[in-house]
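Here is the structure we will look at.
The values are calculated or read from the model by the stated rules, or taken from the named source; none is laboratory data. Since we're looking at a predicted model, the values are computed, not measured. For neighbour counting, all protein chains shown are included, and Cβ atoms are generated from backbone atoms with ideal geometry for every residue, glycine included. When the accessible area is computed, the model is the full protein with side chains, heavy atoms only, and any ligands, DNA or RNA have been set aside. Shrake-Rupley method; radii C 1.70, N 1.55, O 1.52, S 1.80 Å.
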Amino acid sequence: MKTMTSVLAAGLLAMAAAPSALAQRAEKPAMSFFVTSVGVGKGANLGGIKGADAHCQSLATAAGAGAKTWHAYLSITDLNGKGPINARDRIGRGPWFNAKGVRIGVDVDDLHSDSNNITAATALTEKGETLKPDPNVHDMLTGSTRDGRAWNYNLLDDLNLEKGAMTCDNYTSDAEDGAVMVGHADRAGTAPISPWNAAHPSVGCSQAKLVSTGGAGLFYCFAID
């Protein structure tokens, strides 16, 4: 009788522990990637890369994720002879998860390969929302090549005279001219591949110019820790 009682007690303890173990396994990873729900409002003038980082941090804080350090996925060209900064080198090591706990990249190499998981369904804002299809705002400011590096020339400037090539003067210009490279968060619109980080250059740096080609001055944010 003692043996049966012990077995029953052990079974009850196991059943009681099971929900706790399942809850631990089911706990979703913390958000470490998002698309900004709103831009700065000045086109590609983000206040430089530091201003962009601050915008990421502010939005993350409002969403309850301010304990992490957030960086904008942006590349910048040579500044005062110090050399370029590549977006891929300033976003941490990964893995990265959206607000729903879905992994969008394992590490830096995976993120910049065909196996990344940035799509219309996974490129969520810090609020956990998908981008609205109308009006189209899928253009994400990146200033980057497909492998996440800074451009050393401007695709729209044959003489390569523009300072801050493909970055709207390193995110300090909201002029009607100039250009910044953008990616498509929904991977749509530029046949045949429509990269998430290098789909096409903008036709200017102002808010109106960004809007005219399907943007709103939005960009990607990654937690580096």
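Could you pull out the pairs from Lys82/Lys132; Lys127/Lys209; Lys68/Lys209 whose alpha carbons sit more than 28 Å apart here? If you can, show how the numbers build up before the last one.
Working: Lys82/Lys132 39 Å; Lys127/Lys209 26 Å; Lys68/Lys209 33 Å.
Beyond 28 Å between Cα atoms: Lys82/Lys132; Lys68/Lys209.
Set the Förster distance to 35 Å, then compute FRET efficiency between Lys50 and Glu27 from the Cβ-Cβ distance, nearest 0.05.
On the way: r = 34 Å, r/R0 = 0.97.
In this case the efficiency is close to 0.55.
Can you tell me how much longer the chain between Ala188 and Glu176 gets when fully stretched, taken as 0.36 nm per residue apart minus their C-alpha distance, in nm with one decimal?
Length gained between Ala188 and Glu176: 1.8 nm.
Using the charge dipole of the range 28-100 (Lys, Arg: +1 at Cβ; Asp, Glu: -1 at Cβ; taken about the Cα centre), state which of Gly94, Pro29, Gly39 has its Cα farthest towards the positive end.
It is Pro29.
Rounded to whole Hz and in sequence order, give me ³J(HN,Hα) for the range 169-184 from the Karplus expression 6.51 cos²θ - 1.76 cosθ + 1.60, θ = phi - 60°, writing x for Gly and Pro.
Working through the residues one at a time gives 6, 6, 6, 10, 10, 10, 6, 6, 9, x, 7, 9, 6, 10, x, 10 Hz.
Through the Karplus equation 6.51 cos²θ - 1.76 cosθ + 1.60, θ set to phi - 60°, convert the phi angles of the range 215-225 into ³J(HN,Hα) values in whole Hz; use x for Gly and Pro.
x, 8, x, 7, 7, 8, 10, 10, 7, 9, 9
Rounded, prolate or oblate for the range 85-157? Axes are the square roots of the Cα gyration tensor eigenvalues, ordered a ≥ b ≥ c, and the cut-off for rounded is a/c under 1.5.
oblate
With a 1.4 Å probe and all protein chains kept in place, how do Lys127, Lys42, Lys82 rank by accessible area, largest first? Could you put the intermediate results ahead of the total?
Numbers: Lys127 135, Lys42 115, Lys82 170 Å².
I get Lys82, Lys127, Lys42, largest accessible area first.
Suppose accessible area is computed on protein heavy atoms with a 1.4 Å probe; arrange Val35, Val40 from highest to lowest.
Val40, Val35
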